[in-house]
Amino acid sequence: MNEIAQVIVNIPVRTVNKCFSYSIPSQLDYVNVGWRVVVPFGGRKVEGFITGIASGDISGLKPLLDTLDDAPWFDEHMLNTAQWLSNYYLCTLAEALRLFIPGKAGVKSNSAYLAAGEYDEQEIIKLLAGKPVIYHQLYQFLFNTGKQSLTQLEKKFGPDTTKIIRSLVRLGLITVNTVTSNTNRSKFVHYVELAISPEEAILTQNALANRPAQKRLLSLLQEQNTLSLSKLKSEKISLDTVKRLVEAGVAVIKQRQLLRDSYADIHCISSTVKLTDEQQTTLAAILPAVENKQHKSFLIHGITGSGKTQVYLEAVAAVRCMGRQAIVLVPEIALTNQIVTRFKARFGDDVVVIHSKLSVGERFDAFQRLKSNQAGIVIGARSAVFAPVRDLGIIVIDEEHEFTYKQEETPRYHTRQVALYRGKLAGAPVLLGSATPSLESYYQALTGKLQLLSMPSRIDAAILPRVTTVDMRDELAQGRRSVLSEALVNLLTETLKRQEQAVIVLNRRGYATFVLCRECGLVLKCRHCAVSLVYHAAEKNLRCHYCQAVEAVPDICPVCQSRYIRYFGTGTQKVEEELNKNFPQARIIRMDQDTTGGKIESDRIMQEFAAGKYDILLGTQMVAKGHDIKNVTAVGILAADSALNLPDFRSAERTFSLLTQAAGRAGRGNLPGCVVVQTYNPDHYAVTTAAAQDYPSFYDKEISYRLQLRYPPFTELMKLTILADSEQQVVKQSNELAAILKQLADQCDGVEILGPVAAAVARVKDIYRMNILVKATCLDHFKEQVNQAGLISRADLLIDVEPVSLL
């Protein structure tokens, strides 16, 4: 009996959701579970992941072609996590495994064309009878030159090349070969250095009197000892000159791996920090789990400026002392630089960074350093949770409440859940930290599933900023139509006079989607659900995305009869114009998606602002999170309540979190801070409790609504989005799917099917979308039914388990 590899092929086709069997040739008899391999599949050569080895009859099976690495890529924990992801989030195993590799695929396949040599000239003329002369020319070119790519042929024979090639292939005159290359490779730099002693080099200089090029190269090597081959051109030294010195035994060419790292230039000096009593108490609760290699989950509820990052540093230091590795996660790439700076000051080159804006090469090098134990600390956004650490000792999730920890593309995992699962497998504690914990995490802490650790005081007894709430309805009544209130203009004026800095946050969520009365602040809400109605421009009506209720758009406000009822939204560019008009001397920098396109552009903006090159930082929610700049004493929050008007049960939570986090940017040094919150709903509990920095009061109010309406954490949700090319088709397909889901729900306890209903953005790129919501106390059995029904393989269906948005 021979060994057979069970392989998951890495191709982006959801209908291919099973293992394929391949024979293991003798030259690859060392491979086992976890190896990445190259396999033939449908006429191509593709990447595959070995998930099992069996014995059996190999007749009729295609063999493995090659391996992509020198060792297994996936360890047992990675494979187990991928299988759990597939079951929990209803994605294919290939989609789950792909999360653990640096890019989408480790193999790139290209077609190459070769002339068939078994024909004589007369046979070729006969086969090409009636064809244009270019057919014969292309064949002859391939016969003379050998294998060529389509790109090379198109350059020579023009745009009709593909048509000609297909014809020649059908005639049997040329054959197609698939050429594969490894997309994940280490990068090496070649350099030349002296192979003789300094004394011998002096003697050799005299012997090279008649060879000026070699003599000059030798002189350079005497001065620098090592020269990169890529830089020799600038010195006007040819490779032939190098080769002659090498042949003479004077020099030697070597290579070393070049580590691609955009964060390599961050060098900081660590300072000694004396922990506060709160930090010491928190750390003391965590360290036993670290030392005992015990999986335990902690929620660190620390107000803004309480020093949570220092606790992370000390916990990670304890893990590294034990030789184990650590993963530290931040919610935004924009926050990476600040925490990298803190960790590099403490741990130096032991830190690697992983996030989606880095090149595949940079991520590959980071992965290699981790796999070979050259580094022990990973810092990054949500994808870093899949880093290939061999001995995981702790996972830290900073700002754990952030919705950016949820992946919005298939597979739609939540980083927090993956971290908890990886921690469980590895026997590693998981730290969740936030000033505004998610309702789910805080509920789990109060019910004992997480251990709650509180840090209610700021470092050095710094006081929380003074918060002023501005009712924008009063501004309108006084004839002020500017996006900047009088209170905010006054605050900025005083701040700039004192040469201090300010942050302006524009809460752009809900841009032009809800109807607002600017006279009394009314937002039209569904009478059956605790969410606002959404304006649909195509139908010119208001619709609830939960119960499908439809209402006409009123001409006047139903409460105060004002005609100031309109759609709401303001962009950062408009705010920037207002700031420039009011403060022409101020140095203003804007930070939003338009200005942070590069992989470290957001880091550059924050560094320059922290260095004092700008007076005012204007941005969307990314500027409200995690930044610690001592000279920032003023914060303005515009459209503070716009998230309240989204048709989502989490809208109040989003609003409270944003206001609290944004306000926390002010007064983090020795200077007192002031915050102006501009709102049309000054009496909403999310606004009042955020202004008071009172999380417990907000939680008590919000959790009561969640219980009444049966929303998480009291239920589990699943959102299914149906896609189709036409509105008629999407309605038909969604109704059919709803019927299937109701049949599956009948086999489970307490499962409720809501919908279908049009998505908030009903058409994206000419694809129509409708949503179905599934609600239950526990969805485990229902998910099994969905999986068995084969729904996860449907190309017209997106499944989102535990959605953070129902839009």
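The values are calculated or read from the model by the stated rules, or taken from the named source; none is laboratory data. Bear in mind that the values here come from a model prediction, so they are computed numbers and not experimental data. Note that we place each Cβ from the backbone using ideal geometry, even for glycine, and neighbour counts take in every protein chain shown. These area figures cover heavy atoms from the full protein model, side chains too; ligands, DNA and RNA do not enter into them. Shrake-Rupley method; radii C 1.70, N 1.55, O 1.52, S 1.80 Å.
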Q: Return the pairs, sorted by first residue and then second, in which the second residue is modelled with pLDDT of 75 or more and in a helix (DSSP H, G or I), the first residue lies in the stretch 225-241 and is closer than 15 Å to residue 253 by Cα and among the polar types (S, T, N, Q), the beta carbons are less than 8 Å apart, and the residues are 6+ apart or on different chains.
A: 238/213; 241/213; 241/214; 241/217
**Q.** Verdict on residue 353 being part of a strand (DSSP E or B), surrounded by 21 or more Cβ atoms within 10 Å (Cβ to Cβ), at pLDDT below 95 and touching an Asp or Glu at 6+ places or on another chain (Cβ under 9 Å)
**A.** yes
Q: Would you please name the residue that is most open to solvent (accessible area, probe 1.4 Å), looking only at residues in the stretch 763-779 that are of a type outside the set (Asp, Glu) and in a loop (DSSP other than H, G, I, E, B)?
A: 765
Q. What number goes with the only condition from (1) modelled with pLDDT under 70; (2) within 25 Å of residue 683 (Cα to Cα); (3) surrounded by fewer than 17 Cβ atoms within 10 Å (Cβ to Cβ) that residue 537 does not pass?
A. (2)
(Q) Give me the residue from the stretch 122-136 that is assigned to a loop (DSSP other than H, G, I, E, B) and touching a residue at least 24 places away in the same chain (Cβ under 8 Å) and, out of that set, surrounded by the most Cβ atoms within 10 Å (Cβ to Cβ). (A) 128
Q) Conditions: (1) among the hydrophobic types (A, V, I, L, M, F, W, C); (2) surrounded by fewer than 18 Cβ atoms within 10 Å (Cβ to Cβ); (3) over 13 Å from the mean Cα position of the chain (by Cα). Residue 394 meets all but one. Number of the miss? A) (2)
Q.
Test of understanding: among 367, 403, which residue is buried (at least 21 other Cβ atoms within 10 Å of the Cβ) and over 18 Å from residue 428 (Cβ atoms)?
A. 367
Q: State whether the residues of the stretch 423-445 include one that is within 28 Å of residue 93 (Cα to Cα), open to solvent by 30 Å² or more (accessible area, probe 1.4 Å) and within 18 Å of the chain's Cα centre (by Cα).
A: no
Q. Within the set of pairs 6+ apart or on separate chains, which have a first residue in the stretch 34-46 that is open to solvent by less than 70 Å² (accessible area, probe 1.4 Å), a second that is of a type in the set (Asp, Glu), and C-beta atoms under 7 Å apart?
A. 34/75; 36/47; 36/69; 37/66; 38/47; 38/66
Q.
Restricting to the stretch 637-695, name every residue that is crowded, with 22+ Cβ neighbours inside 10 Å, modelled with pLDDT of 85 or more, of a type in the set (Gly, Ala, Ser) and assigned to a loop (DSSP other than H, G, I, E, B).
A. 673
Q: Considering every residue within the stretch 780-793, establish whether at least one is more than 25 Å from residue 404 (Cα to Cα), open to solvent by less than 50 Å² (accessible area, probe 1.4 Å) and within 25 Å of the chain's Cα centre (by Cα).
A: yes
Q) When residues of the stretch 697-712 are filtered for being open to solvent by less than 60 Å² (accessible area, probe 1.4 Å) and part of a helix (DSSP H, G or I), how many remain? A) 7
(Q) Testing residue 147 on (1) modelled with pLDDT of 80 or more; (2) more than 30 Å from residue 67 (Cα to Cα), one condition comes back false. Which one is that? (A) (2)
Q: Being over 30 Å from the mean Cα position of the chain (by Cα) and within 22 Å of residue 101 (Cα to Cα) is the filter here, so list the residues in the stretch 23-40 that pass it.
A: 28, 30, 31, 32, 40
Q) Residue check, residue 622 against (1) modelled with pLDDT under 80; (2) in a loop (DSSP other than H, G, I, E, B), all met but one. Which one? A) (2)
Q) Can you tell me which of 738, 760, 724 is among the small types (Gly, Ala, Ser), open to solvent by less than 60 Å² (accessible area, probe 1.4 Å) and in contact with a Leu (Cβ under 7 Å, 6 or more places away or on another chain)? A) 760
